[in-house]
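The values are calculated or read from the model by the stated rules, or taken from the named source; none is laboratory data. As the structure is a computational prediction, the values presented were derived from the model and not from experiment. Note that each Cβ is placed from the backbone with ideal geometry, even for glycine, and that neighbours are counted across all protein chains shown.
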Amino acid sequence: MLPKLFRRFLRFCNFRKTAELTNEQTEVVEGIRNLVGYPIKNPSIYFKALTHRSTLEIHPEISKSNERLEFLGDSILGFIVGKYLFENFPNENEGYLTKYRSNLVNKIALYQAAQKMGLKKYLQYNKKYIKDYSDGLKTILADSVEALIAAIYFDAGMNIVENFVHKWIIRPHFQEEDHFVDSNYKGQLLEYSHSMKYPQPIYEVVKEEGPPHEKYYYIKVTAGSELSGEGKGKSKKIAEQSAAHDALNKSKRIDR
(Lines give C-alpha, C1' and ligand atoms only; values in the text may rest on other atoms or scores of the structure.)
Protein backbone atom coordinates (compact mmCIF):
# COMPACT_ATOMS: atom_id res chain seq x y z
CA MET A 1 0.00 0.00 0.00
CA LEU A 2 1.29 3.45 -0.87
CA PRO A 3 2.00 6.17 1.69
CA LYS A 4 -1.08 8.31 2.33
CA LEU A 5 0.29 11.45 0.73
CA PHE A 6 1.15 9.62 -2.48
CA ARG A 7 -2.19 7.89 -2.74
CA ARG A 8 -3.58 11.40 -2.98
CA PHE A 9 -0.85 12.36 -5.38
CA LEU A 10 -1.22 9.62 -8.00
CA ARG A 11 -3.42 11.82 -10.15
CA PHE A 12 -0.54 14.26 -10.25
CA CYS A 13 1.84 11.99 -12.18
CA ASN A 14 1.45 13.92 -15.42
CA PHE A 15 1.43 17.34 -13.81
CA ARG A 16 2.11 20.32 -16.05
CA LYS A 17 3.82 23.44 -14.77
CA THR A 18 0.81 25.56 -15.69
CA ALA A 19 -1.70 23.36 -13.85
CA GLU A 20 -3.34 24.62 -10.69
CA LEU A 21 -2.70 22.53 -7.59
CA THR A 22 -5.39 21.19 -5.31
CA ASN A 23 -5.00 21.57 -1.55
CA GLU A 24 -3.84 17.96 -1.24
CA GLN A 25 -1.30 18.35 -4.02
CA THR A 26 -0.06 21.55 -2.43
CA GLU A 27 0.48 19.67 0.84
CA VAL A 28 2.80 17.20 -0.86
CA VAL A 29 4.69 19.85 -2.80
CA GLU A 30 5.12 21.95 0.34
CA GLY A 31 6.66 19.00 2.18
CA ILE A 32 9.19 18.48 -0.60
CA ARG A 33 9.84 22.22 -0.83
CA ASN A 34 10.78 22.29 2.85
CA LEU A 35 13.38 19.60 2.20
CA VAL A 36 14.79 21.35 -0.84
CA GLY A 37 14.66 24.85 0.64
CA TYR A 38 13.64 26.41 -2.67
CA PRO A 39 10.33 27.12 -4.48
CA ILE A 40 9.48 24.13 -6.67
CA LYS A 41 8.84 24.85 -10.34
CA ASN A 42 8.20 21.34 -11.66
CA PRO A 43 6.65 19.07 -8.98
CA SER A 44 6.33 16.07 -11.30
CA ILE A 45 10.08 15.50 -11.44
CA TYR A 46 10.19 15.19 -7.65
CA PHE A 47 7.34 12.70 -7.75
CA LYS A 48 9.33 10.65 -10.25
CA ALA A 49 12.46 10.90 -8.07
CA LEU A 50 10.55 9.34 -5.18
CA THR A 51 8.93 6.53 -7.20
CA HIS A 52 10.74 3.20 -6.83
CA ARG A 53 10.50 0.78 -9.75
CA SER A 54 8.58 -1.74 -7.62
CA THR A 55 5.62 0.68 -7.73
CA LEU A 56 5.17 0.10 -11.47
CA GLU A 57 4.14 -3.50 -10.80
CA ILE A 58 1.05 -2.44 -8.84
CA HIS A 59 0.37 0.89 -10.55
CA PRO A 60 0.78 0.47 -14.33
CA GLU A 61 -0.57 3.99 -14.84
CA ILE A 62 2.82 5.22 -13.59
CA SER A 63 5.15 4.83 -16.54
CA LYS A 64 8.60 5.67 -15.12
CA SER A 65 10.57 5.13 -11.93
CA ASN A 66 13.47 7.04 -10.40
CA GLU A 67 16.29 4.86 -11.82
CA ARG A 68 17.52 7.31 -14.47
CA LEU A 69 17.44 10.19 -11.99
CA GLU A 70 19.32 8.01 -9.50
CA PHE A 71 22.03 7.41 -12.12
CA LEU A 72 22.58 11.13 -12.66
CA GLY A 73 22.20 12.03 -8.99
CA ASP A 74 25.03 9.66 -8.08
CA SER A 75 27.40 11.59 -10.36
CA ILE A 76 26.23 15.01 -9.14
CA LEU A 77 26.62 13.96 -5.50
CA GLY A 78 30.13 12.63 -6.14
CA PHE A 79 31.13 15.90 -7.80
CA ILE A 80 29.78 18.10 -4.99
CA VAL A 81 31.37 16.05 -2.23
CA GLY A 82 34.65 15.78 -4.16
CA LYS A 83 34.74 19.53 -4.66
CA TYR A 84 34.09 20.15 -0.96
CA LEU A 85 36.88 17.81 0.15
CA PHE A 86 39.30 19.21 -2.43
CA GLU A 87 38.72 22.76 -1.20
CA ASN A 88 38.72 21.99 2.52
CA PHE A 89 41.52 19.45 2.79
CA PRO A 90 44.29 21.14 0.77
CA ASN A 91 47.08 19.07 2.32
CA GLU A 92 45.59 15.65 1.65
CA ASN A 93 46.47 13.38 -1.25
CA GLU A 94 44.16 11.72 -3.76
CA GLY A 95 43.88 8.49 -1.80
CA TYR A 96 42.80 10.30 1.36
CA LEU A 97 40.18 12.35 -0.50
CA THR A 98 38.81 9.29 -2.29
CA LYS A 99 38.46 7.42 0.99
CA TYR A 100 36.47 10.15 2.69
CA ARG A 101 34.32 10.85 -0.33
CA SER A 102 33.32 7.20 -0.15
CA ASN A 103 32.37 7.68 3.52
CA LEU A 104 29.98 10.46 2.52
CA VAL A 105 28.31 8.94 -0.53
CA ASN A 106 27.91 5.29 0.46
CA LYS A 107 24.50 3.70 1.05
CA ILE A 108 24.76 3.95 4.83
CA ALA A 109 25.43 7.70 4.73
CA LEU A 110 22.61 8.30 2.24
CA TYR A 111 20.17 6.21 4.26
CA GLN A 112 21.04 8.26 7.35
CA ALA A 113 20.40 11.45 5.37
CA ALA A 114 17.03 10.09 4.21
CA GLN A 115 16.12 9.34 7.82
CA LYS A 116 16.95 12.89 8.88
CA MET A 117 14.77 14.24 6.07
CA GLY A 118 11.84 11.97 6.90
CA LEU A 119 11.91 10.91 3.26
CA LYS A 120 9.99 7.68 3.82
CA LYS A 121 6.62 9.44 4.04
CA TYR A 122 7.15 10.84 0.52
CA LEU A 123 8.46 7.60 -0.98
CA GLN A 124 6.39 5.41 -3.27
CA TYR A 125 7.24 1.70 -3.31
CA ASN A 126 5.76 -1.81 -3.26
CA LYS A 127 5.97 -3.27 0.25
CA LYS A 128 6.20 -6.81 -1.17
CA TYR A 129 9.51 -5.78 -2.72
CA ILE A 130 10.87 -5.02 0.73
CA LYS A 131 10.16 -8.58 1.91
CA ASP A 132 11.83 -10.13 -1.14
CA TYR A 133 14.91 -7.90 -1.14
CA SER A 134 17.62 -8.32 1.49
CA ASP A 135 18.61 -4.65 1.85
CA GLY A 136 14.99 -3.57 1.78
CA LEU A 137 13.86 -0.08 2.56
CA LYS A 138 17.32 1.21 3.51
CA THR A 139 18.60 0.75 -0.04
CA ILE A 140 15.45 2.20 -1.57
CA LEU A 141 15.74 5.31 0.61
CA ALA A 142 19.44 5.72 -0.15
CA ASP A 143 18.81 5.45 -3.90
CA SER A 144 15.96 7.95 -3.64
CA VAL A 145 18.30 10.54 -2.13
CA GLU A 146 20.43 10.33 -5.28
CA ALA A 147 17.35 10.61 -7.49
CA LEU A 148 16.14 13.61 -5.48
CA ILE A 149 19.51 15.31 -6.00
CA ALA A 150 19.09 14.95 -9.78
CA ALA A 151 15.53 16.29 -9.59
CA ILE A 152 16.72 19.38 -7.71
CA TYR A 153 19.46 19.90 -10.30
CA PHE A 154 16.94 19.90 -13.17
CA ASP A 155 14.40 22.04 -11.32
CA ALA A 156 16.60 24.57 -9.54
CA GLY A 157 20.17 24.32 -10.80
CA MET A 158 23.59 23.47 -9.39
CA ASN A 159 23.76 26.17 -6.69
CA ILE A 160 20.55 24.95 -5.03
CA VAL A 161 21.45 21.27 -5.23
CA GLU A 162 24.87 22.06 -3.77
CA ASN A 163 23.19 23.79 -0.82
CA PHE A 164 20.94 20.75 -0.39
CA VAL A 165 23.88 18.33 -0.31
CA HIS A 166 25.75 20.52 2.17
CA LYS A 167 22.71 20.78 4.45
CA TRP A 168 21.62 17.15 4.53
CA ILE A 169 24.77 15.13 3.76
CA ILE A 170 28.05 17.00 4.25
CA ARG A 171 27.41 19.27 7.23
CA PRO A 172 25.84 16.65 9.54
CA HIS A 173 28.88 14.38 9.18
CA PHE A 174 31.29 17.12 10.19
CA GLN A 175 29.13 18.04 13.15
CA GLU A 176 29.12 14.51 14.58
CA GLU A 177 32.47 14.48 16.38
CA ASP A 178 35.13 13.29 13.92
CA HIS A 179 33.01 10.80 11.96
CA PHE A 180 35.34 11.20 9.00
CA VAL A 181 38.61 10.62 10.72
CA ASP A 182 38.62 6.91 11.43
CA SER A 183 42.42 6.82 11.14
CA ASN A 184 43.94 8.22 14.34
CA TYR A 185 46.67 10.38 12.85
CA LYS A 186 47.13 12.26 16.13
CA GLY A 187 47.89 8.98 17.86
CA GLN A 188 50.29 7.96 15.09
CA LEU A 189 52.08 11.29 15.33
CA LEU A 190 52.43 11.01 19.11
CA GLU A 191 53.90 7.51 18.83
CA TYR A 192 56.29 8.59 16.09
CA SER A 193 57.43 11.63 18.11
CA HIS A 194 58.15 9.42 21.13
CA SER A 195 60.06 6.90 19.02
CA MET A 196 62.23 9.68 17.59
CA LYS A 197 62.61 11.34 21.02
CA TYR A 198 60.95 14.50 19.72
CA PRO A 199 58.95 16.73 22.07
CA GLN A 200 55.25 15.94 22.45
CA PRO A 201 53.20 17.41 19.55
CA ILE A 202 51.54 20.74 20.31
CA TYR A 203 48.42 21.84 18.40
CA GLU A 204 47.75 25.55 17.91
CA VAL A 205 44.79 27.29 16.30
CA VAL A 206 46.38 29.64 13.77
CA LYS A 207 43.14 31.31 12.67
CA GLU A 208 39.40 30.89 12.34
CA GLU A 209 37.34 31.93 9.34
CA GLY A 210 33.65 32.22 8.55
CA PRO A 211 30.40 32.76 10.48
CA PRO A 212 29.61 30.56 13.51
CA HIS A 213 27.56 28.04 11.49
CA GLU A 214 30.19 27.77 8.71
CA LYS A 215 33.43 28.23 10.64
CA TYR A 216 36.75 26.81 9.47
CA TYR A 217 39.68 26.15 11.80
CA TYR A 218 43.31 26.34 10.70
CA ILE A 219 45.63 24.41 13.00
CA LYS A 220 49.40 23.97 13.12
CA VAL A 221 51.08 21.11 14.94
CA THR A 222 54.73 21.12 15.97
CA ALA A 223 56.99 18.64 17.73
CA GLY A 224 59.90 20.87 18.65
CA SER A 225 61.75 22.12 15.60
CA GLU A 226 61.91 18.68 14.04
CA LEU A 227 58.35 18.16 12.85
CA SER A 228 55.39 20.30 11.80
CA GLY A 229 52.16 20.12 9.86
CA GLU A 230 49.13 22.22 8.97
CA GLY A 231 45.47 21.35 8.63
CA LYS A 232 42.07 22.87 8.02
CA GLY A 233 38.61 21.64 8.95
CA LYS A 234 35.05 22.41 9.99
CA SER A 235 35.87 21.42 13.57
CA LYS A 236 39.01 21.58 15.70
CA LYS A 237 39.13 17.78 15.86
CA ILE A 238 39.11 17.43 12.09
CA ALA A 239 41.66 20.24 11.65
CA GLU A 240 43.97 18.63 14.22
CA GLN A 241 43.74 15.24 12.51
CA SER A 242 44.44 16.90 9.17
CA ALA A 243 47.48 18.70 10.63
CA ALA A 244 48.79 15.45 12.15
CA HIS A 245 48.27 13.70 8.81
CA ASP A 246 50.25 16.46 7.08
CA ALA A 247 53.12 16.16 9.57
CA LEU A 248 53.25 12.38 9.17
CA ASN A 249 53.11 12.73 5.40
CA LYS A 250 56.09 15.09 5.48
CA SER A 251 58.01 12.64 7.66
CA LYS A 252 57.11 9.73 5.32
CA ARG A 253 55.81 7.87 8.37
CA ILE A 254 52.10 7.77 7.69
CA ASP A 255 50.34 4.49 8.38
CA ARG A 256 47.81 3.89 5.62
* Asked: Which members of region 89-107 meet the condition of being under 15 Å from the mean Cα position of the chain (by Cα) and either assigned to a loop (DSSP other than H, G, I, E, B) or touching a residue at least 12 places away in the same chain (Cβ under 8 Å) (or both)?
  -> Leu97, Tyr100, Arg101, Asn103, Leu104, Val105, Asn106, Lys107
* Asked: Out of all the residues in region 57-72, is one or more touching a Phe, Trp or Tyr at 6+ places or on another chain (Cβ under 9 Å), of a type outside the set (Ser, Thr, Tyr), in a helix (DSSP H, G or I) and modelled with pLDDT of 90 or more?
  -> yes
* To do: Being modelled with pLDDT of 75 or more and among the hydroxyl-bearing types (Ser, Thr, Tyr) is the filter; apply it to region 114-143 and report the residue that is farthest from Leu35 (Cα to Cα).
  => Thr139
* Scan region 14-50 for residues that are at pLDDT below 50 and surrounded by fewer than 16 Cβ atoms within 10 Å (Cβ to Cβ) and jot them down. => Asn14, Arg16, Lys17, Thr18
* To do: Output the residues belonging to region 196-227 that are at negative phi and part of a loop (DSSP other than H, G, I, E, B).
  => Met196, Tyr198, Pro199, Gln200, Pro201, Pro211, Lys215, Ser225, Glu226
